[in-house]
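Written out below as structure tokens is the structure these notes cover.
The values are calculated or read from the model by the stated rules, or taken from the named source; none is laboratory data. None of the values given here were measured: they were computed from a predicted structure. Neighbour counts run over all protein chains shown; Cβ positions are idealised from the backbone, glycine included. Note: accessible area is taken over every heavy atom of the protein model, side chains too, but ligands, DNA and RNA are not part of it. Shrake-Rupley method; radii C 1.70, N 1.55, O 1.52, S 1.80 Å.
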Amino acid sequence: MDDIQNLIKKAREASGFSQCRYSGFPVGAALESEHKVYSGCNIESSSYSLTICAERVALAKAISEGETSFKRIVIYAAKADFCPPCGACRQLLYDYAPELQVILTDGKNHQTYNLSDLLPIAFEESKLKK
Ligand code: THU
């Protein structure tokens, strides 16, 4: 398991690759699976709604390499005290890792949450079957 400071470093490094010319708000994520850490940054589009958050980029990278089990995600944003994941990211992360720990940081301090507390009464696979 990666040390938390190492995960924060990876999320910070990923934020350096952010393509955020419209918002000027770089975000980096480091998603820890059973085997390794997958990083992601936000990628913005001139058609704004096509923007992808750092968290979903990291998740897509990991899943596309066969990962199925996730422990923690660090979300780094230097321009916010703490950058909580948006609703879309909460949902997608919950679909694949309901027990995920979510660590928010500006590089100086960090706060830790359970994803299940950030998305109470979540919509999930079981709701599709009755
Ligand atoms: N953003 C993320 O990448 N992750 C978050 O948790 C919140 C917001 C991005 C989307 C957009 O590129 C920029 O931050 C401003 O909303």
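Count, please, the residues in the stretch 61-107 that happen to be charged (D, E, K, R), under 19 Å from A14 (Cα atoms) and either away from the ligand (no atom under 11 Å from the Cβ) or assigned to a helix (DSSP H, G or I) (or both).
Selection size over the stretch 61-107: 6.
Y22: near the ligand (Cβ under 9 Å from one of its atoms) and surrounded by fewer than 19 Cβ atoms within 10 Å (Cβ to Cβ), yes or no?
yes
Taking A58 as meeting all but one of (1) out of contact with any Ser or Thr (no Cβ under 8 Å at 6 or more places or on another chain); (2) touching a residue at least 40 places away in the same chain (Cβ under 8 Å); (3) assigned to a helix (DSSP H, G or I), write down the number of the exception.
(1)
Starting from residues that are within 19 Å of F82 (Cα to Cα) and among the aliphatic types (A, V, I, L, M), keep the ones in the stretch 1-19 and report whichever is surrounded by the most Cβ atoms within 10 Å (Cβ to Cβ).
A11
In the list E99, E32, which residue meets the criterion of being within 20 Å of H110 (Cα to Cα), open to solvent by less than 10 Å² (accessible area, probe 1.4 Å) and of a type in the set (D, E)?
None of the other options fit; the residue is E32.
Does A29 meet the test of being among the small types (G, A, S), assigned to a helix (DSSP H, G or I) and in contact with a strand residue (DSSP E or B) (Cβ under 7 Å, 6 or more places away or on another chain)?
no
Against the conditions (1) open to solvent by 20 Å² or more (accessible area, probe 1.4 Å); (2) assigned to a loop (DSSP other than H, G, I, E, B); (3) not aliphatic (A, V, I, L, M), where does S126 fall short? Just the number, please.
(2)
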